[in-house]
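Below: the structure, in structure tokens.
Please treat every number below as a calculation from the coordinates, not as lab data. The structure displayed is predicted, hence computed values, not measured ones. Ideal geometry is used to build each Cβ from the backbone, glycine not excepted, and the neighbour counts take in all protein chains shown.
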Amino acid sequence: MKKVIYSFLAFLLIVSSGCKKDFFDINTNPNSPIEESMTPDLILPIILHQTAKKMATSYDYAAHWTGYWARSGSFGVSNPLENYDLNTTYESNEWVNGNTTVYDPTVSWYNILKDADAMEKRASATGQTFYVGIAKVIKSIGYMYLVDQYNNVPYSEAFKFEEGFIQPKYDKGQDIYNDLLLQLDQAQLLFKNSEFLKNTNIYESDIMFSLKRVDENIDKDESFDHQKLMWRKLVNTQRLKLLIRQSEILGGTPAAELSKITADGSGFLMASETAAVNPGYNGSEYQLNPFYNEYKKNFSGSTADDFNRANNYVLNKLKNSNDIRYQYYFSAAANPLSGNTYFGYDFGFVDTDPNQPKAGNSSDVAGPGLAKSATQDQWVFTSVESLFLQAEAKQRGWLAGDPRTAWQVAVRESFTWLGVPNPVATADTYMAQDNAVANYDHANNTDKLRFIVMQKYLSLVGSNNFEAWVDYRRLGVPADLPLSESESRNGRVIPVRLSYPQEEYNYNSANVAAQGSVNTQTSKVFWDK
């Protein structure tokens, strides 16, 4: 935490917008801008871009552990990814990226949260309440992901350097979740009551929900009305996500929290309402869509990723249930062998065959439904995930409505979101099969809740790999998920959390030591019961 710094990229992004080829190039002295010049409208675009990039490109490890992705045959054994023997340096950039001297595309949560905190403080001081609300929503997402990976983390004393908290204490994960729900209450009121004229350039800086980012002819007031509605929907959806995370420890229906959603009246993110950003992604260096640039092609047109490939578990699960979506999650092999157009690997496979198919003979993870173009919007919270959260909540009796119908709507949206031709008819045919994987009414589907969550698993491949790890820990779904085949696994199973990063032991030793001995095999996140 001591090494968290401002991402002055926000300032550079805006002031250099007249020279578009440089709008993500931060090879500029980061000490030049001063805090007073970083007004909310200058900070917001980079916060949204970084959050989207984080969601899209950071959770390869979860994709491997949960059966979505595997190592290609062009690479040797990859530990600790494949033997689950985690240390204090593994995935440490989830926490903070302390590299401040050179351009580093890595995005970490505490760096994003520091920017959000700076925006919130500047917006509060100037009465720009809409920006304050956005900061609270971003914080609710970032801190949720930190808790989901580490459990207890710095929260109440984070970013309070001027108050003397250079080494912030750790708050309990449950307490953080409780406060995040309260922060969302405040955000909802701020969005509802905020006035357009008091929020400088909100229609330009909001690169997620502003209508003007897609049509300059849209009236500013009309855009702001739309922005208010969509941010309120995102608040409700994020609130539901926090509650669903805690489903196994709540001991009943969270009626008070759910009543807030009902009373608000704006609803959730629905079909075609994916929360996604686009600051002007294009084919130039540092300006490509993050997912496309990470897993498909770089600015020169070269292959971006030869390591990640389709995992046989999910590939075969989709194929065996006549689910065409595997052709949208994964790409056909560039050089297929023996007719294996879609070829995957077992996670942690031991390569003893000198003729093992290589990267070019296998299916990459940036299929045409995910990596549509270098200029596409980058999702933060997809409509598909939102609809599945609602379906689970209805199955639990938390929300009114038929869970079967809600599940059908969610599956149809998955086919639509991926760009499958005739998506509704194709999805309906899939769901009507006499197949326990695909059919809600199948005689073998006695646990409807886990059926819906398994369908969610099959619908978020590549678009939210982290959710698969959450649901596996929360509910044990998928129930038949295979463990790594690594010869050095030595009885370890899929980790239940990450280790605190070494930087914390170096710079915040007393507070991290107070968390006790952390075992990534047994030290569970508070909601994992």
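Ordering L189, L197 from the fewest to the most neighbouring beta carbons within 10 Å gives L197, L189.
When the label point is put 7 Å from the Cα of M270 along its Cα-to-beta-carbon vector, which residues of segment 403-440 have a backbone N closer than 16 Å? Answer for segment 403-440: 405-414.
Would you mind estimating how fast the chain diffuses translationally, via Stokes-Einstein at 20 °C and 1.002 mPa s with the Kirkwood radius over Cα pairs, in µm²/s? Translational D for this selection: 90 µm²/s. The magnitude of the dipole of the chain, with charges of +1 and -1 set on the Cβ of Lys/Arg and Asp/Glu and taken from the Cα centre, is near 600 debye. Viscosity 0.890 mPa s, temperature 25 °C: give me the Stokes-Einstein translational D for segment 57-186 in µm²/s, with Rh taken as the Kirkwood radius over C-alpha pairs. Here the translational diffusion coefficient equals 146 µm²/s.
Please give the FRET efficiency for N298 paired with R489, using the beta carbon to beta carbon distance and R0 = 30 Å, rounded to the nearest 0.05. After rounding, the FRET efficiency stands at 0.35. Exposed loop sites are taken as chymotrypsin sites (Phe, Trp or Tyr not before Pro) in a DSSP loop (any state but H, G, I, E or B) with at most 15 other beta carbon atoms within 10 Å; the longest stretch of the chain without one runs 300-529. Note: relative contact order over segment 383-459, using C-alpha pairs below 8 Å and six or more positions apart, is 29 percent. Charge tally for S74 (other residues, Cβ to Cβ under 14 Å; Lys, Arg +1; Asp, Glu -1): -2.
Among residues other than E91 whose Cβ falls under 12 Å from its Cβ, what is the net charge (Lys/Arg +1, Asp/Glu -1)? Cβ neighbours under 12 Å give a net charge of -1. According to the Cα-based calculation, Rg over Rh for segment 187-320 is 1.08, with Rh computed by the Kirkwood formula. Each 5 Å bin from zero up to the one holding the largest Cα-Cα distance in segment 383-459 carries the following percent of pairs: 3, 19, 28, 27, 17, 6, 1. If you wrap the tightest convex hull around every Cα atom of segment 358-416 and split its volume per residue, you get 120 Å³. Averaging Cα coordinates gives a centre for segment 455-529 and one for segment 54-99; these two points are 11 Å apart. Across segment 261-370, the mean sequence separation of Cα contacts (distance under 8 Å, 6 or more residues apart), normalised by length, yields a relative contact order of 25 percent. With N the number of residues in segment 262-345, Rg(Cα) / (2.2 N^0.38 Å) evaluates to 1.50.
For the chain, adding -39500 (n - 2.57) for each run of n ≥ 4 DSSP H residues and dividing by the number of residues yields -13000 deg cm²/dmol at 222 nm. Add +1 for every Lys or Arg and -1 for every Asp or Glu among the other residues with Cβ under 13 Å from the Cβ of A366, and state the total. With Lys, Arg at +1 and Asp, Glu at -1, the net is -1. Taking label positions 7 Å along the Cα-Cβ direction at both E222 and A400, the computed distance is 3.3 nm, reported to one decimal.
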